[in-house]
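The values are calculated or read from the model by the stated rules, or taken from the named source; none is laboratory data. Since the model is a prediction, treat every value here as computed from it, not as a measurement. Please note that ligands, DNA and RNA were not included when accessible areas were found on the heavy atoms of the full protein model with its side chains. Shrake-Rupley method; radii C 1.70, N 1.55, O 1.52, S 1.80 Å.
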Amino acid sequence: MEDHLIRLYLTVKRMVDLLENISDNTDLLAGKSQSKVYFKSDVMSVLRISESTYKRYVKQGKLKPARIGSMDIYQEEHLKPIIAELQRRGRM
């Protein structure tokens, strides 16, 4: 019985975390944020990087997407440091 309660608690906690994540990310998409919102393809275009480089940046933590389902979204202010670094290194 105790095992079931623990699993139920963990399931409910995970559901609450997911709903909070969805709420935060839908605020971004709804335009409640003052900055521009970019999708994965937009980021790859702006940074002039391939999909493999994009995946590497995410894995290394250089890019930290907010995720809604399988969709990666970014706020403009989160991309500014990466753009500045690429410009500094002469890659943009």
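Any chance you could run the full-extension gain for Thr53 through Phe39? It's 0.36 nm times the residue separation minus the Cα-Cα distance, nm to one decimal. Intermediate results must be reported in sequence, preceding the final value.
Values: separation 14, 0.36 × 14 = 5.04 nm, distance 1.55 nm.
Here the segment from Thr53 to Phe39 would lengthen by 3.5 nm.
Output ³J(HN,Hα) for region 50-62: one whole-Hz value per residue in order, computed from phi by the Karplus curve 6.51 cos²θ - 1.76 cosθ + 1.60 with θ = phi - 60°, and x for Gly and Pro.
My calculation for region 50-62 gives 7, 5, 5, 5, 4, 4, 5, 4, 5, 4, 7, x, 5 Hz in order.
Tell me the carbon and sulfur percent of the accessible area for the chain, rounded to whole percent, probe radius 1.4 Å.
54 percent
Quick one: accessible area per residue over the chain, 1.4 Å probe, rounded to a whole number of Å²? Kindly include the intermediate steps, with their values, before the conclusion.
Details: 6920 Å² over 92 residues.
Counting only protein heavy atoms, the per-residue value for the chain is 75 Å².
What residues have an amide H closer than 5 Å to that of Leu63, excluding those fewer than 5 places away on the same chain, when H is modeled at 1.01 Å from N in the peptide plane?
Counting only residues 5 or more places away or on other chains, the set is Val58.
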